[in-house]
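Note sheet for the following structure.
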Amino acid sequence: MRRLSIIIFSLFNILIFTGSEDFFETDSDRQIFDPALGEKTDSMFYTLGIMKGLQQVADQYVMTGEMRGDLVATNIHTETDLRELTDFSAGTSNKFNQAYLYYNVINNCNYYIAHRDTMLLTGSRKVAIPEYVEALAVRAWAYMQLAKTYGKVPFYTDPIVSIDEANRELPSLDLEAIRDSLAPQMIRYSGTVVPNYGNISAGVLNGEGSSEEKTVQSSKIMLPIDAVLGDLYLETNEYEEKVNDETWTDHS
């Protein structure tokens, strides 16, 4: 779906504008490495950490798609890494061919899904559900990109937190099998709106002798679960499947 491409392309644009600065002005890194997920605010910090991981794959995602599209062609000035994307010859040294960046995102999503208490309440509201569903959506999106690029890919849904676990043999699944594994759980949360933390900093854009801080509506860079589900079905030719698309209008 083009909606998902727009979201990831927005992450890519912010990455360009902010240069080496962090996309999210947050201490979310501590949540990625801190196993504690007992506080209500942990959902926000951990989710922003996951989205920061998406920022790290944004340029790879955009460049791979653009260089293999119909509207882009190489010439004598094209750098080697981009040329290799175009002719499908990119090796592990290519800076746009780093599968581990997607697995970093996947593992963080796995950790949140495995450890977050979805029954945590604020009043009568289950406060962790939007972030939990966002982790489901982001994990599925990352696996989808890996499968589209590499075919069958190592698949796991339990978080890897030790060297022994990292070295264990994992099953390799294609996109259809990944869909069959992830979609049933995602369907249960169809219609869930994305997390919304209001405006967050996107860094400072310098130019013309002045600097201006840019902000972005946080909900605009989240992946709606039904949009990801729709993409999974489209990419696997399951055109008869229907999903709820109201989540997009809910946060637009």
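Of the helices (runs of 4 or more DSSP H) contained entirely in the stretch 83-175, those carrying at least 3 residues that are of a type outside the set (Val, Ile, Thr), over 30 Å from PRO195 (Cα atoms) and out of contact with any helix residue (DSSP H, G or I) (no Cβ under 9 Å at 6 or more places or on another chain) fall at 163-167.
Residue-by-condition table, conditions (1) at pLDDT 75 or above; (2) not aliphatic (A, V, I, L, M):
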position	(1), (2)
SER172	yes, yes
ILE178	yes, no
ARG188	yes, yes
TRP248	no, yes
HIS251	no, yes
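Tell me, yes or no, whether the stretch 158-178 has at least one residue that is in contact with a strand residue (DSSP E or B) (Cβ under 9 Å, 6 or more places away or on another chain), closer than 28 Å to ASN94 by Cβ and of a type in the set (S, T, N, Q). Looking for residues that are in contact with a strand residue (DSSP E or B) (Cβ under 9 Å, 6 or more places away or on another chain), closer than 28 Å to ASN94 by Cβ and of a type in the set (S, T, N, Q), one finds at least one in the stretch 158-178, hence yes.
Hey, could you check the stretch 86-115 for residues that are within 11 Å of GLY53 (Cβ to Cβ) and among the β-branched types (Val, Ile, Thr) and say which is nearest to the chain's Cα centre (by Cα)? In this case the residue turns out to be VAL105. Please indicate, with yes or no, whether at least one residue in the stretch 195-217 is within 24 Å of ARG139 (Cβ to Cβ), at pLDDT 80 or above and outside any loop (DSSP other than H, G, I, E, B). Yes - at least one qualifying residue is present in the stretch 195-217. Among the numbered conditions (1) closer than 30 Å to PHE88 by Cβ; (2) open to solvent by 10 Å² or more (accessible area, probe 1.4 Å), the only one that VAL153 does not meet is (2).
Taking the criterion of being under 24 Å from ALA142 (Cα atoms) and either open to solvent by less than 80 Å² (accessible area, probe 1.4 Å) or hydrophobic (A, V, I, L, M, F, W, C) (or both), the residues of the stretch 73-84 that qualify are ASP81, LEU82, GLU84.
When you look at LEU136, is it modelled with pLDDT of 90 or more, of a type in the set (A, V, I, L, M, F, W, C) and either surrounded by fewer than 21 Cβ atoms within 10 Å (Cβ to Cβ) or in contact with a Cys (Cβ under 8 Å, 6 or more places away or on another chain) (or both), yes or no? Yes: the conditions hold for LEU136. Flag: ASP70 matches the condition of being acidic (Asp, Glu) and either part of a loop (DSSP other than H, G, I, E, B) or at pLDDT below 80 (or both). List every residue pair whose Cβ atoms lie under 9 Å apart, where the two residues are 6 or more positions apart in sequence or sit on different chains, the first residue falls within the stretch 154-175 and is hydrophobic (A, V, I, L, M, F, W, C), and the second residue, located anywhere, is modelled with pLDDT under 80. So the pair list comes out as ILE160/ALA166; VAL161/PRO35.
The values are calculated or read from the model by the stated rules, or taken from the named source; none is laboratory data. It should be emphasised that the depicted structure is a prediction, and the values quoted were computed from it without experimental measurement. All Cβ positions, even for glycine, are placed from backbone atoms using ideal geometry, and neighbour counts span all protein chains on display. We work out accessible area using only protein heavy atoms, side chains counted, and drop any ligands, DNA or RNA first. Shrake-Rupley method; radii C 1.70, N 1.55, O 1.52, S 1.80 Å.
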